[in-house]
Amino acid sequence: MFISILPHGRMLLIALAVILTASTAAVCADSLFQGDEAAPADAVVLFDGKDLSKFVSCDSGGPATWKVVDGYCTPKGADICSKQHFKDCQLHAEFWVPYMPNKTGQGRGNSGVFFMGFVYEIQILDSYGLVPKNNDCGSIYSQTPPKINACRPPETWQSYDIIFKAPRFDSAGKKIANARVTVLQNGVLVQDNVAITSPTPNHSDPEPKEAGPIRLQNHGDAVRFRNVWVRPL
Ligand code: MG
């Protein structure tokens, strides 16, 4: 009855709005998140809590030796490297650092996420409550501290959403653009399209021209990872 008394033009607008709302909802349901911890439909899921079949031991190239427990993985043996290699990509990883009150600095919940192999590290550490330095959680390790400290307390699940851009080279092999990275830690922007000027473990190493693995670090601490996925860009 309400609709019947509206002018035709307004009825048309209402009908269009209903159609647009319904179609947008359908697209979102098909292509975006199904829930907080689900990967997008086009993601390469590296670890879904079940097994480490998408990784190898970085040292031996054989099966990854980390333990999988209750939907997360935790270091045992060498760092693990994704079998699939990437250049530009978006990475999501959730991590948990142990409470280690008797340790300080780099000895407290250390791990990291590396891009293009053992080259560019985004640090993982228990840096909760600290004024962040360039080796704290959220840093481009030993280069750039996070804009703010976005850490949750230890033994709390946290997230990284990282957009990584590989360095560019000209046809003669000369670098013409640095690698760049944007990092959100727990949804907070901590690195905003920042240049990575050299490899972070050893600043004098040559930078990679080819795609490389995502590498998760065993620094000797009982960190945990879950829900790791990548979207090549
Ligand atoms: Mg580290």
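Just a few scattered comments:
- Single residue of Ser111, Ser82 found to be of a type in the set (Ser, Thr, Tyr), within 21 Å of the chain's Cα centre (by Cα) and within 16 Å of the ligand (Cβ to nearest atom): Ser111
- Residue within segment 62-76 that is free of Cβ contacts under 8 Å to residues at least 24 places away in the same chain, buried (at least 19 other Cβ atoms within 10 Å of the Cβ), over 15 Å from the mean Cα position of the chain (by Cα) and within 17 Å of His219 (Cβ to Cβ) present: yes
- Selection from segment 204-221 of residues that are in a loop (DSSP other than H, G, I, E, B), at pLDDT 95 or above and either surrounded by 14 or more Cβ atoms within 10 Å (Cβ to Cβ) or more than 14 Å from the ligand (Cβ to nearest atom) (or both): Glu207, Pro208, Lys209, Glu210, Ala211, Gln217, Asn218, His219, Asp221
- Segment 158-185, residues that are assigned to a loop (DSSP other than H, G, I, E, B) and buried (at least 16 other Cβ atoms within 10 Å of the Cβ): Ala166, Pro167, Asn178
- Meets criteria (among the polar types (S, T, N, Q) and touching a residue at least 12 places away in the same chain (Cβ under 8 Å)) for Asn202: no
- All positions within segment 89-139 that are in contact (Cβ under 8 Å) with a residue 24 or more places away in the chain and basic (Lys, Arg): Arg108
- Just one of (1) buried (at least 16 other Cβ atoms within 10 Å of the Cβ); (2) within 11 Å of the ligand (Cβ to nearest atom) fails for Gln90. It is (2).
- The single residue among Thr182, Thr200 that is at pLDDT 95 or above, within 16 Å of the ligand (Cβ to nearest atom) and of a type in the set (Ser, Thr, Tyr) turns out to be Thr200.
- Residue tally, condition within 12 Å of the ligand (Cβ to nearest atom) and without any contact (Cβ under 8 Å) to a residue 40 or more places away in the chain, over segment 140-157: 0
- Hits in segment 24-47 (condition: modelled with pLDDT of 80 or more, assigned to a loop (DSSP other than H, G, I, E, B) and in contact with a strand residue (DSSP E or B) (Cβ under 7 Å, 6 or more places away or on another chain)): Ala39, Pro40, Asp42, Ala43
The values are calculated or read from the model by the stated rules, or taken from the named source; none is laboratory data. Because the structure is a prediction, the values reported are computed rather than measured. In this analysis, Cβ positions are derived from the backbone assuming ideal geometry, glycine residues included, and neighbour counts consider all displayed protein chains.
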